[in-house]
Amino acid sequence: MREVEIGALPLRRFAEVLPSERVLALEAAADAARRLLAGRIVWNVNSTAHGGGVAEILQTLLAYGRGAGVDTRWAVLAGDGSFFATTKRLHHLLHGAPGDGAALTEADHAHYERVLANNLDGWVDRVSPGDVVLLHDPQTAGMVEALRGRGARVVWRCHIGTDRTNAHTDRGWSFLRPYVEGADAWVFSRAAYVPPWLPAERVHVIAPSLDPFSAKNAPITPGDARAALDLAGIVADGASEGLGYTRRDGTRGAVRPHSDLLLDEHGPLPSDASVVLQVSRWDRLKDMAGVLTGFAGTIDLFPDDAHLLLVGPDTAGVSDDPEGAEVLAECRELRAALPRAARDRVHLCCLPMDDVDENAHLVNALQRHADLVVQKSLVEGFGLTVTEPMWKGRAVLASAVGGIVDQIEDDVSGVLLEDPTDVDRFGVLAAGLLADDGRRDRLGAGAHARVLDRFLGDRHLIDYGELFASLLARTG
């Protein structure tokens, strides 16, 4: 187990984007939380400090907690390949998908518990009676009992789920139930994800949020976005200025030159190309392969200058996702099998993970540069990669699954694909949106308004303050 350094971000920043009454409500909630949690540490534990949505949320949310005067800390566990293969299997099962189809055996239970025991050894002594510990997702579930034994108040936070249970979800919950049942409270992103055996009075539904000031979401001019993508070797533009950005710690960073982020033989995309973009992990549930197939199969419907850009992390930099390299390899094979004319307009890109702030800035530039952003997930707990381009005023086409249906109002703040497996319908909808500038502008404006209303950090922080108040009122 290692602790991740957290800076402090001032809550007053929200005054730049929020109406005054929401700023006052946030300040009042921060004062209450500071008094309530005085003398306690609020720990968060997850499986990675970068490379996924949970890590992104924690990076900024915990910094705002620090800025509010709450002693928030973040620890990341260590695991081996077998441990992460088991937790990836659980990830798929809780989404209602079979994953690799392998069974969850007694040996898997034993190894899972052994890895978590090794992580707790030494670190658990830093947790004091009365501290609050938030454990995130299946990777951490087996820590509940030991932390409660230390006198901590333990919350298990599940970021994944599906609206419809099936045999796969039953298998996943059968593995996890003995570990999570003993928690003091539970948090889910949607009410539909809550298993029926949890007592409703201790369940909290809290949707994720984005930070509008982070390197991934801060304003960038179109010229600065093109300059960043040019130096990174993704879009040919010839621009050389506007390469700086603000890091999480407040210092200035600059985009480094890259020449190997695009995994094809043609080099950067033309500067005047119309870009359809999906940014995701290389995860089968994100269905990068389906996006590629849908675009290539309906390519005659798209304008001649339309290009598809599929962007994910460098798989070597995401330690808790053993599936990534396999999915990327499958996408490369699919692209290589396309006819030359289609292959020239399909691009795969792996962003570097050694500098999380540069990575975030490049995602920001990509989302602002794209003409249409898509997220054709087969299942989705909550789509940060949907919320991010919505905040930037981009038109988004996404699957009508999970938390995405809470984020997008169809044809108001985006477009929903009813059947995420229908690659032809996906292509038809994407081509129609790309050809209609006026509709994309209207949807982009609606998208920004939707995020401002529902998915910024002030609401998220207030929700957690209410969780802590409820938790400590019950447990003392």
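The values are calculated or read from the model by the stated rules, or taken from the named source; none is laboratory data. Keep in mind that what you see is a predicted model, and the values were worked out from it rather than measured. Because the Cβ atoms are built from the backbone with ideal geometry, glycine has one as well, and the counts that use them run over all protein chains shown.
Looking only at region 362-382, residues that are among the polar types (S, T, N, Q) and in a strand (DSSP E or B) come to 1 in all.
Count of region 226-249 residues, restricted to those that are of a type outside the set (A, V, I, L, M, F, W, C) and in a loop (DSSP other than H, G, I, E, B), is 9.
Scanning region 123-156 for residues that are charged (D, E, K, R), touching a residue at least 40 places away in the same chain (Cβ under 8 Å), within 20 Å of Leu37 (Cα to Cα) and out of contact with any helix residue (DSSP H, G or I) (no Cβ under 6 Å at 6 or more places or on another chain) yields a single hit, Asp131. Report whether or not Thr86 is touching an Asp or Glu at 6+ places or on another chain (Cβ under 9 Å) and free of Cβ contacts under 8 Å to residues at least 40 places away in the same chain. So Thr86 fits the description; yes.
Of all the listed residues (Ala473, Ala449, Ala445), the sole one being at pLDDT below 95, among the hydrophobic types (A, V, I, L, M, F, W, C) and either touching a Phe, Trp or Tyr at 6+ places or on another chain (Cβ under 9 Å) or over 22 Å from Ala360 (Cα atoms) (or both) is Ala473. Report whether or not Ile220 is at pLDDT below 95 and in contact with a Lys or Arg (Cβ under 6 Å, 6 or more places away or on another chain). Against the criterion (at pLDDT below 95 and in contact with a Lys or Arg (Cβ under 6 Å, 6 or more places away or on another chain)), Ile220 qualifies. When the residues of region 145-164 are narrowed to those that are closer than 20 Å to Ala469 by Cα and of a type in the set (Val, Ile, Thr), which ends up surrounded by the most Cβ atoms within 10 Å (Cβ to Cβ)? Among those that are closer than 20 Å to Ala469 by Cα and of a type in the set (Val, Ile, Thr), it is Val154. May I ask you to verify whether Asp422 is over 15 Å from the mean Cα position of the chain (by Cα), surrounded by fewer than 20 Cβ atoms within 10 Å (Cβ to Cβ) and modelled with pLDDT of 95 or more? Criteria met by Asp422. Scanning region 246-270 for residues that are modelled with pLDDT under 90 and in contact with a helix residue (DSSP H, G or I) (Cβ under 8 Å, 6 or more places away or on another chain) turns up Arg247, Arg248, Asp264. For region 95-135, residues that are surrounded by fewer than 17 Cβ atoms within 10 Å (Cβ to Cβ), of a type in the set (D, E, K, R) and over 24 Å from the mean Cα position of the chain (by Cα) total 6. Total residues in region 292-329 satisfying the condition of being among the small types (Gly, Ala, Ser), touching a helix residue (DSSP H, G or I) at 6+ places or on another chain (Cβ under 7 Å) and part of a helix (DSSP H, G or I): the figure is 5.
For first residues located in region 330-346 and part of a loop (DSSP other than H, G, I, E, B), partners that are hydrophobic (A, V, I, L, M, F, W, C) and at pLDDT 95 or above and lie 6+ apart or on another chain with Cβ distances below 6 Å form the pairs Leu338/Ala296.
Listed here are the residues, each with its yes/no results for (1) touching a Phe, Trp or Tyr at 6+ places or on another chain (Cβ under 9 Å); (2) among the acidic types (Asp, Glu).
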site	(1), (2)
His91	no, no
Leu134	yes, no
Arg148	no, no
Thr162	yes, no
Thr165	yes, no
Asp170	no, yes
Phe175	yes, no
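Evaluate the following for Ala183: is it surrounded by 17 or more Cβ atoms within 10 Å (Cβ to Cβ), touching a residue at least 40 places away in the same chain (Cβ under 8 Å) and more than 23 Å from the chain's Cα centre (by Cα)? Against the criterion (surrounded by 17 or more Cβ atoms within 10 Å (Cβ to Cβ), touching a residue at least 40 places away in the same chain (Cβ under 8 Å) and more than 23 Å from the chain's Cα centre (by Cα)), Ala183 qualifies.
When the residues of region 43-94 are filtered to those that are within 21 Å of Glu388 (Cβ to Cβ) and either in a loop (DSSP other than H, G, I, E, B) or among the polar types (S, T, N, Q) (or both), the one that is nearest to the chain's Cα centre (by Cα) is Gly52.
Ala289 meets each of the listed conditions (1) of a type in the set (A, V, I, L, M); (2) surrounded by fewer than 21 Cβ atoms within 10 Å (Cβ to Cβ); (3) more than 21 Å from the chain's Cα centre (by Cα) apart from (3).
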